[in-house]
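Q: Take a look at this one; I'll ask things after.
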Amino acid sequence: MNIIPLLVAILVFVAKPENQIPQNQQFLKSENPDVEGLLLLQKHCYTCHNPKSKSHDEIIAPPLWGVKNHYLKAYPEKEPFTEAMKSFVQNPNEEKALMKGPIKRFGLMPKPMISDTDLEKIVNYLYENEIENPAWHIEKDNHKNGSEWPRE
């Protein structure tokens, strides 16, 4: 049996562009829902809720870390948490809002263009994983609670 034709056929198949997932899309096809949820979160939410913002003055929406904490206080169990958050994101309105202060400062969040399936993955990711808290927010909380500001 000559194995060379088989190897050539495999290499031709693998080398075809239509058989390759673009590098930036590989994780979106992942079997790991946490990775997929994080990537969807970064794609759809971090435009406004970016944890890398440099200051309170730079943000255009509250940090997701704070949003998650408000939802956890009101809905500590996963199912009510996910239902409440999905309900708000699918139809943002002041009556459903848990954070009235940010609405006064930023206005009501616009309804994002996202599928229910992707929203489910994002909200599950938020519930199941630690969310990055912006450094300026940590410093603000420490100062507000009487702690010393972090020294560098």
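Q: When the Kirkwood hydrodynamic radius is evaluated over all pairs of different C-alpha atoms of region 33-131, what value in angstrom, to one decimal, is obtained?
A: 13.7 Å
Q: When the Karplus curve 6.51 cos²θ - 1.76 cosθ + 1.60 is applied with θ = phi - 60°, which whole-Hz ³J(HN,Hα) does each residue of region 84-95 get, with x for Gly and Pro?
A: Residue by residue, region 84-95 yields 5, 5, 4, 4, 5, 5, 5, 8, x, 8, 5, 5 Hz.
Q: What is the spin-label model distance, in nm, from R105 to Q42 if the labels are put 7 Å beyond Cα along the C-beta direction?
A: Here the modelled spin labels are 2.6 nm apart.
Q: Which value, in debye to the nearest 20, describes the size of the charge dipole of region 33-131 about its Cα centre when Lys and Arg Cβ atoms bear +1, Asp and Glu Cβ atoms bear -1, and nothing else is charged?
A: Dipole of region 33-131, to the nearest 20 debye: 440 debye.
Q: If you plug each phi of region 48-53 into the Karplus form 6.51 cos²θ - 1.76 cosθ + 1.60 with θ = phi - 60°, what whole-Hz ³J(HN,Hα) values come out, in order, with x for Gly and Pro?
A: So the Karplus estimates, Gly and Pro as x, are 9, 9, 6, x, 8, 4 Hz.
Q: Follow-up. Is there a pair in K78/K100; K78/K111; K54/K100; K54/K96 whose C-alpha atoms are over 26 Å apart, and which pairs would that be?
A: K54/K96
Q: Okay, next question. For a protection proxy built on the mean count of beta-carbon atoms within 10 angstrom, sort 66-77, 99-110, 124-135 highest first, please.
A: Ranking the peptides 66-77, 99-110, 124-135 by packing returns 124-135, 66-77, 99-110.
Q: Using the 10 angstrom Cβ neighbour count as an exposure proxy, how do S53, S115 rank, fewest first?
A: S115, S53
Q: Past the 24 Å Cα-Cα mark, which pairs from K43/K73; K68/K104; K52/K121?
A: Pairs exceeding 24 Å: K43/K73.
Quick note: the coordinates plus some simple rules give every number you see, no bench work behind them. In this text the structure is predicted, and so the values were computed from the model without any measurement. Reconstructed Cβ throughout: ideal geometry from the backbone, glycine too, with neighbour counts over all protein chains shown.
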